[in-house]
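Before anything else, here's the structure in question.
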Amino acid sequence: MAGHAAPPVTQQVGRAWGRGQRQEAVELREAARCLVVDADGRSVPFKALYGEQKAIVVFVRNFLCYTCKEYVEDLAKVPKAFLQEANVRLIVIGQSSYHHIKPFCSLTGYTHEMYVDPQREIYKTLGMKRGEGSNISVRSPHVKSNTLLGSIRSVWRAMTGPAFDFQGDPAQQGGALVLGPGNEVHFFHLDKNRLDHVPINTVLQLAGVKPVNFTNKPQIIDI
């Protein structure tokens, strides 16, 4: 069923951004040669992440961004068993120094794969945006904090960290892709702004992974 859903959504996203599948494939071939860095400072080609196996690849704005933190906190809830059953990798890519990977994973509880693209080469090659889009009415279902409180928390984390930095270009936007194996592009979304996240269950289902119940929280009952 997930295989049926993927092509229409990919085409919708392509039209919305004035893009086409052929352009996406060309950009992906160029990006494939770029290197990403793991938490131990080892460099690997981007294509190694999806060349042999289908992968969900989420590019985040930066590791201090409160919307990215809360989105990755929900990505952390995706069971490894669901991914293994579908033979799919779940990968987050940031654009800071690799030294920030382990602290960010610890902060968010994320235990899947994470890499960085310090020079933003892949971000640029794939055409990811910088700055906020003019339409900011979108709302991520995975972001719980309001803008003011979230921004204050981000600045506080920067000030109290080992080195005062914003852990990447603060104007950079991210995106979500479902790739592989090989040069297959199943889904390609570029975020317009910090709240324009694709719902995680949408991406999971497009990749053939079972959805996750993100609303399984204790309920407050009024008496």
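The values are calculated or read from the model by the stated rules, or taken from the named source; none is laboratory data. The shown structure was predicted, so the numbers you read here are calculated from the model rather than taken from an experiment. No Cβ is skipped: glycine too gets one built from the backbone with ideal geometry, and neighbour counts run over all protein chains shown. The protein model used for the area step is the full one, side chains on, heavy atoms only, and it has no ligands, DNA or RNA in it. Shrake-Rupley method; radii C 1.70, N 1.55, O 1.52, S 1.80 Å.
Can you name the number of the only condition in (1) more than 19 Å from Ile122 (Cβ to Cβ); (2) of a type outside the set (A, V, I, L, M); (3) surrounded by 15 or more Cβ atoms within 10 Å (Cβ to Cβ); (4) at pLDDT below 95 that Asp222 fails?
Against the list (1) more than 19 Å from Ile122 (Cβ to Cβ); (2) of a type outside the set (A, V, I, L, M); (3) surrounded by 15 or more Cβ atoms within 10 Å (Cβ to Cβ); (4) at pLDDT below 95, Asp222 comes up short only on (3).
Tyr115 is checked against (1) modelled with pLDDT of 95 or more; (2) open to solvent by 70 Å² or more (accessible area, probe 1.4 Å) and fails just one. What number does that condition carry?
(2)
Can you confirm whether Pro79 is within 26 Å of Asn213 (Cα to Cα) and surrounded by fewer than 20 Cβ atoms within 10 Å (Cβ to Cβ)?
Taking the combined requirement at face value, the residue satisfies it.
Residue pairs, Cβ under 7 Å, 6 or more apart or interchain, first in region 28-47 and charged (D, E, K, R), second open to solvent by 20 Å² or more (accessible area, probe 1.4 Å) and in a helix (DSSP H, G or I). List them.
Pairs that qualify, where the first residue is charged (D, E, K, R) and the partner is open to solvent by 20 Å² or more (accessible area, probe 1.4 Å) and in a helix (DSSP H, G or I), are Glu30/Thr125; Asp38/Tyr98.
If you scan region 37-73, which residues turn out to be open to solvent by 20 Å² or more (accessible area, probe 1.4 Å) and of a type in the set (D, E, K, R)?
Within region 37-73, Asp38, Asp40, Arg42, Lys47, Glu52, Lys54, Lys69, Glu73 meet the criteria.
Among the residues of region 31-71, write down those that are touching a strand residue (DSSP E or B) at 6+ places or on another chain (Cβ under 9 Å) and of a type in the set (Ser, Thr, Tyr).
Hits for region 31-71 are Ser43, Tyr50, Tyr71.
Is it the case that Gly208 is out of contact with any strand residue (DSSP E or B) (no Cβ under 9 Å at 6 or more places or on another chain) and farther than 18 Å from Arg61 by Cβ?
Here the answer is no, as Gly208 does not meet what is asked.
Let me confirm something: among Val92, Val78, which residue is assigned to a loop (DSSP other than H, G, I, E, B), under 14 Å from the mean Cα position of the chain (by Cα) and modelled with pLDDT of 95 or more?
Criteria check complete, one pass: Val78.
For Thr125, work out the one condition from (1) of a type in the set (Val, Ile, Thr); (2) open to solvent by less than 10 Å² (accessible area, probe 1.4 Å); (3) out of contact with any Gly (no Cβ under 8 Å at 6 or more places or on another chain) it doesn't fulfil.
Checking Thr125 against (1) of a type in the set (Val, Ile, Thr); (2) open to solvent by less than 10 Å² (accessible area, probe 1.4 Å); (3) out of contact with any Gly (no Cβ under 8 Å at 6 or more places or on another chain), the one that fails is (2).
Return the residues of region 113-129 that are within 10 Å of Cys34 (Cβ to Cβ) and among the β-branched types (Val, Ile, Thr); say none if nothing qualifies.
Answer for region 113-129, where residues must be within 10 Å of Cys34 (Cβ to Cβ) and among the β-branched types (Val, Ile, Thr): Ile122, Thr125.
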